Amino acid sequence: MSLRASRRKLPGSPRSSRRNASRVMRSALCAATLLALAVCVEVVAADMNKVVRHVFPAAEEGFDPAAAHDLYSGTVEQAIFETLLTYDYLARPSKLVPLAAQSLPEVSDGGRSYTFRVRPGIYFSPDAAFKGKKRELVAEDYAFSLKRLVDPKIRSPWAWLLEGKIIGLDELAAAAKKSGKFDYDARLPGLEVVDRYTLRIRLKQPDYDLSYVLAHEPTSAVAREVVETYADVGGRVMANPVGTGPYRLANWIRSSKIFLEANPEYRGFTWNFKAGSDPEDARIVAEMKGKMMPQVGRVEISIMEEDQSRLLAFQNGELDLMNLEGPLAPMVMNGASLSGEMRKKGVKLSRFVDPELSYHYWNMTDPVVGGLSKEKIALRRAMAMAYDVDEEIRIVRNGQAIEAQYPIPPGVVGNDPAYRSSVKHDATSANALLDRFGYKKGPDGWRTLPDGKPLVLRYASRPDSLGRQQDEMWKKALDSISIRMEVQKDKFTELLKLEKQCRLQMRTASWIADYPDGDNFMQLLYSKNIFQSNNACATIPEYDKLYEQSIRIPAGPERDRLYHEMARIIETYAPWRLGISRYRNMLIQPRVLGYKKHPILHSEWQYIDVDTTGKGG
């Protein structure tokens, strides 16, 4: 069934006959743009006839900012919830601006105190949890939401964002581990609600990434009433997201469809962003300047795991936005440009190297591949050398990626474009290394462990076309060094769950920048982040020591020197094999106006418009 044929009215959505009559949401409301001071304007509701149809290549986990840990859930969360800060839509490099806060924070006490003033007049989307009352966003909501990240019951994969930073917060979490109950009413010196709209955060030491963290969706405001009404036994609210953002969840068919509609309580803002050096910016400004936002009334998201299905749906006009992965590139692109046929249709392209890292990891706690003994290090290094990244870029990615030489990708502060990894594709040297450390070949031609037991690697991947190609790439690599490989297939959400429990032996993972600073990537191997973001479950004392030094100094030559040392440690101990950074190729239908993919923000729906006249962009 096509996407168009399967579309239906959303539960709770306004009827078509009411849509035009309900365009005026509120009058004489003081609404603010994301860049300017508040001004009194008449806010026009989003047009429910304007629909954007998006697609995800993998399923979502759910929509609790403290609990979900995948890109797709985070994309939806950014549309439903609001953080204190966000990013300018057009500015490159990425630039922080206020969102729910009235302004950027007041920083004092040598960088240890941050004061935020929440903008008055922001309201949560109506929900039964509020018992019929209009619920305003206040400073206490942010204090509550930050506490949730360290509540042991929730087991948030984002606890690392705050651990060791806010005065009194670690101690509160430790007390909850002992008592079994987290005291959300506890007043902390590090989370001071000064008044209804003022939150002061006091740190144990300066944290140069705190403002970035407070623009990241896990720190979004969640209302306590919503958590108390809908939380599951683990304290998570994955199916009942209620926020203050431009959209609300209208309907959700798990792993299949996600329907969003405009939040009737959203205050709106005037599109007033400035063009940068990109020539496309001038066209976008001309299309959008002065419009009240959001314009789009509904967002329909389909989960389609197969590449061909996504492209066919886009070509049939059933999708408005789609990220074109490398396997499909030859069908619609000539190198870095769209094919003539796509250009004739008016399709637009937003393209850049994602601030992301794809890497292959080995579970450092696994009895076969884990550990820091010389023979285990030799095994991982041999496998790293056996893998041909260039071949992956040519065959699997069709040139739509660059090799990752450094653990911090382009577009992120701390990236060193001149750095070159010492790990190269060299199957001959890999075989010699295995021979040297006792991984002998048996009568069947396959290698055994040094103690003579069978050596079999288990590679975990998704059951889609990309997963099958990754299987083939790793099978070829391990065949070249005579190591037998088995494949473990599981859905994306299940793989995420298993790796957070250190139960996968080997997998290819990706990390896209939560914020544009190198710390966001170097923390991926910090031992205190095991069960959160450290998928390799690695504990490397030398790495931990350098990482703890790096977070105490600002970006600059001294921190870069530490990062270089950490990169060499990764190459030496081989918990990872660095892979690629992919090109983001966002295909945009001509009827979509004002779209430009942001390198950090996942959701751009509130910044765009749809031409309903049939004339296109």
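The values are calculated or read from the model by the stated rules, or taken from the named source; none is laboratory data. A quick note: this is a predicted structure, and the numbers were derived from the prediction, not measured. Cβ atoms come from the backbone with ideal geometry, glycine included; neighbour counts cover every protein chain shown.
Given the criteria of a type in the set (Gly, Ala, Ser), in contact with a strand residue (DSSP E or B) (Cβ under 7 Å, 6 or more places away or on another chain) and not assigned by TED's automatic domain parsing to the domain that holds PHE521, does GLY594 qualify? Considered against the rule, which asks whether it is of a type in the set (Gly, Ala, Ser), in contact with a strand residue (DSSP E or B) (Cβ under 7 Å, 6 or more places away or on another chain) and not assigned by TED's automatic domain parsing to the domain that holds PHE521, GLY594 comes out as yes. Screening the candidates ASN251, ASN240 for the property of being in contact (Cβ under 8 Å) with a residue 12 or more places away in the chain, more than 23 Å from ARG119 (Cβ to Cβ) and surrounded by fewer than 17 Cβ atoms within 10 Å (Cβ to Cβ) yields one hit, ASN251. With a requirement of 2 or more residues that are over 19 Å from the mean Cα position of the chain (by Cα) and outside the structural domain of ARG507 (by TED's automatic domain parsing), the strands (runs of 3 or more DSSP E) lying completely within the stretch 321-388 that satisfy it span 348-353. Out of the stretch 122-159, which residues are buried (at least 22 other Cβ atoms within 10 Å of the Cβ), in a helix (DSSP H, G or I) and either not aliphatic (A, V, I, L, M) or not assigned by TED's automatic domain parsing to the domain that holds GLY245 (or both)? Hits for the stretch 122-159 are ASP141, TYR142, LYS147, ARG148.
Among the candidates MET322, MET364, MET331, MET383, the residue that is of a type in the set (A, V, I, L, M), under 30 Å from VAL610 (Cα atoms) and in contact (Cβ under 8 Å) with a residue 40 or more places away in the chain is uniquely MET322.
The lone criterion from (1) modelled with pLDDT of 65 or more; (2) in contact with a Phe, Trp or Tyr (Cβ under 9 Å, 6 or more places away or on another chain); (3) in a loop (DSSP other than H, G, I, E, B) left unmet by PRO93 is number (2). State whether one or more residues within the stretch 540-555 are touching a helix residue (DSSP H, G or I) at 6+ places or on another chain (Cβ under 9 Å), under 30 Å from ARG394 (Cβ atoms), at pLDDT 95 or above and assigned to a helix (DSSP H, G or I). No, the stretch 540-555 contains no residue that is touching a helix residue (DSSP H, G or I) at 6+ places or on another chain (Cβ under 9 Å), under 30 Å from ARG394 (Cβ atoms), at pLDDT 95 or above and assigned to a helix (DSSP H, G or I).
Look through ARG559, ARG584 and report the one residue that is among the basic types (Lys, Arg) and closer than 29 Å to ALA538 by Cα. Write out each step before concluding.
Values: ARG584 fails: closer than 29 Å to ALA538 by Cα.
It is ARG559.
Exactly one residue out of ALA174, ALA186 is surrounded by fewer than 17 Cβ atoms within 10 Å (Cβ to Cβ), out of contact with any strand residue (DSSP E or B) (no Cβ under 9 Å at 6 or more places or on another chain) and not in a loop (DSSP other than H, G, I, E, B), and it is ALA174. Being more than 24 Å from the chain's Cα centre (by Cα), hydrophobic (A, V, I, L, M, F, W, C) and closer than 28 Å to LEU137 by Cβ is a property that does not hold for TRP252. Find all pairs meeting these conditions: Cβ atoms under 9 angstrom apart; at least six residues apart or on different chains; first residue within the stretch 111-140 and over 13 Å from GLY243 (Cα atoms); second residue charged (D, E, K, R) and assigned to a helix (DSSP H, G or I). From the stretch 111-140, the pairs are VAL118/ASP141; LYS131/GLU225; GLU140/ARG224. Taken together, the residues in the stretch 588-617 that are in contact with a Phe, Trp or Tyr (Cβ under 6 Å, 6 or more places away or on another chain) and part of a strand (DSSP E or B) amount to 1.
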